[in-house]
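S.K.: Sharing a structure below in structure tokens format, with a few things to ask.
The values are calculated or read from the model by the stated rules, or taken from the named source; none is laboratory data. Here the structure is a predicted model, which is why all the values come from computation and not from measurement. Cβ placement follows ideal geometry from the backbone for every residue including glycine, while neighbour counts extend to all protein chains displayed.
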């Protein structure tokens, strides 16, 4: 089969590989639509997870099952399916403890384009099919379905990690596709005020549509000062970090957070050795300012619930898509868009069916 791969750090290209082998609990799927992610950019051009050779990229797809193992109960060839970017091993102790995304070791639920070939191939392998696939509901468009692989669950997981409550004041730092879904999630979770930090016009407008009550443009000055002014010096109850770095961004989040507040980080820190926390603003370590960072959960139940949010129009992830391609051969073009990040880009998609 053919696939678009990381050839080495800073290098990508098309490769030919054997079609993946289906185990008794697994499925082989062909992609119907895929989308590249900023994580792919970190992986290739920053070497964020180390050297990888001829590893097929991609972890965002919706597909059609072409083969299942003899122990798979709920799926068969021909089924159209949702697939989360995170595919845990559901029988592990970590999964039983409630941390399926770390099944087999920290971040080991993230398999596509990390430990094994990803979804930018003519076929891809899904482990533990009954636990990691979900049937594509009738009426759910492919654009929304692909966003359910990563952008939606990651953005909403930021809201979960920050534990947004009714009436909370929330700041979302970074309003790319993940941050925009965090804005939407904070809104349906009952936040009273949502401050969205970003500058690109199309992201700003979509943030407002998704529920942002104020836009904080970092080009207009220090974002902490802007937040403190909006809150009369009190700060916010929750911060969701969906962009930035491990130095400046975390310091800003701590400074704008009230004592007793909570930070939910879903930003993939692809470079640097340390995260810097300002000592005094963290209450010298005793300010009850909690930092929670987590990889989004995968799994069939999560995908089914998120799909129901789309079908009921509580969230509208297809609005994230600004660039659409048709044909497998356009995967490289879409990936390079994510690398170059033109001003009008939020998220590209490649329709293959």
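Table: residues versus (1) touching a strand residue (DSSP E or B) at 6+ places or on another chain (Cβ under 8 Å); (2) touching a residue at least 24 places away in the same chain (Cβ under 8 Å).
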residue: 207; (1), (2): yes, yes
residue: 214; (1), (2): yes, no
residue: 220; (1), (2): no, no
residue: 223; (1), (2): yes, yes
residue: 228; (1), (2): no, yes
residue: 233; (1), (2): no, no
residue: 237; (1), (2): yes, yes
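S.K.: Now a separate question. With the condition kept exactly as written, say whether any residue in the stretch 252-261 is under 30 Å from residue 95 (Cα atoms), in contact with a helix residue (DSSP H, G or I) (Cβ under 6 Å, 6 or more places away or on another chain) and either outside the structural domain of residue 136 (by TED's automatic domain parsing) or modelled with pLDDT under 95 (or both).
M.R.: no
S.K.: Taking the condition in a loop (DSSP other than H, G, I, E, B), touching a strand residue (DSSP E or B) at 6+ places or on another chain (Cβ under 6 Å), touching a residue at least 60 places away in the same chain (Cβ under 8 Å) and surrounded by fewer than 17 Cβ atoms within 10 Å (Cβ to Cβ), does residue 353 pass?
M.R.: Spelling it out, residue 353 is indeed in a loop (DSSP other than H, G, I, E, B), touching a strand residue (DSSP E or B) at 6+ places or on another chain (Cβ under 6 Å), touching a residue at least 60 places away in the same chain (Cβ under 8 Å) and surrounded by fewer than 17 Cβ atoms within 10 Å (Cβ to Cβ).
S.K.: Oh, and also: Within the stretch 228-250, count every residue that is farther than 19 Å from residue 291 by Cα and not in a loop (DSSP other than H, G, I, E, B).
M.R.: Summing the residues that are farther than 19 Å from residue 291 by Cα and not in a loop (DSSP other than H, G, I, E, B) in the stretch 228-250 gives 3.
S.K.: Quick one: which of 273, 245 is within 23 Å of the chain's Cα centre (by Cα), more than 28 Å from residue 142 (Cβ to Cβ) and without any contact (Cβ under 8 Å) to a residue 12 or more places away in the chain?
M.R.: Residue meeting the stated conditions: 273.
S.K.: Hey, any hits in the stretch 195-215 for a residue that's closer than 29 Å to residue 7 by Cα and either part of a loop (DSSP other than H, G, I, E, B) or at pLDDT 95 or above (or both)?
M.R.: No, every residue in the stretch 195-215 fails to be closer than 29 Å to residue 7 by Cα and either part of a loop (DSSP other than H, G, I, E, B) or at pLDDT 95 or above (or both).
S.K.: Across the stretch 181-197, which residue is farthest from residue 339 (Cα to Cα) among those that are buried (at least 24 other Cβ atoms within 10 Å of the Cβ) and touching a strand residue (DSSP E or B) at 6+ places or on another chain (Cβ under 8 Å)?
M.R.: Taking the candidates together, the pick is 191.
S.K.: Do you know which residues across the stretch 325-341 are without any contact (Cβ under 8 Å) to a residue 40 or more places away in the chain and either within 13 Å of residue 36 (Cβ to Cβ) or not in a strand (DSSP E or B) (or both)?
M.R.: 325, 327, 329, 330, 333, 336, 340, 341 - these are the residues of the stretch 325-341 that are without any contact (Cβ under 8 Å) to a residue 40 or more places away in the chain and either within 13 Å of residue 36 (Cβ to Cβ) or not in a strand (DSSP E or B) (or both).
S.K.: May I ask you to list pairs of residues, at least six apart or on different chains, whose Cβ atoms are under 6 Å apart, with the first in the stretch 153-167 being farther than 18 Å from residue 85 by Cβ and the second being in a helix (DSSP H, G or I)?
M.R.: So the pair list comes out as 164/186.
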